[in-house]
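Here is the structure we will look at.
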Amino acid sequence: MNIYDLRDVVIDGICMDDYPDFVDAYISEAIDANGNSLSDEQLEELTNDNSEFVQQMAHDEVMGRV
């Protein structure tokens, strides 16, 4: 699954104590290109396979860019 095809991605687990790494951040919600909500298993797999994406999304949220 291409992470750039996802919509309405929500990142949770952002803790400023972890700045700048945000090691506890994870994808908690997302919708795929077909409009389907992702399952917990899919969300966990995406988080584990795309740590740089998750970290960037966490930074964007903290900086108010989301």
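Relative to the current alpha-carbon distance between CYS15 and ASP32, full extension at 0.36 nm per residue lengthens the span by 3.5 nm.
Using the alpha-carbon atoms, what tilt in degrees (0 to 90, nearest 10) does helix 51-62 show relative to the longest principal axis of the chain? Once rounded, one gets 60 degrees.
Pairs of C-alpha atoms in the chain farther apart than 16 Å represent 40 percent of all such pairs. Computed over the chain, relative contact order equals 30 percent, with contacts defined as Cα pairs under 8 Å that lie 6+ residues apart. What angle do you read, to the nearest 10 degrees and between 0 and 90, between the alpha-carbon axis of helix 40-49 and the longest principal axis of the chain? For 40-49 against the chain, the angle is about 60 degrees.
Only the coordinates and a few stated rules stand behind these numbers; no lab work does. This is a predicted model, so every value here is computed, not measured.
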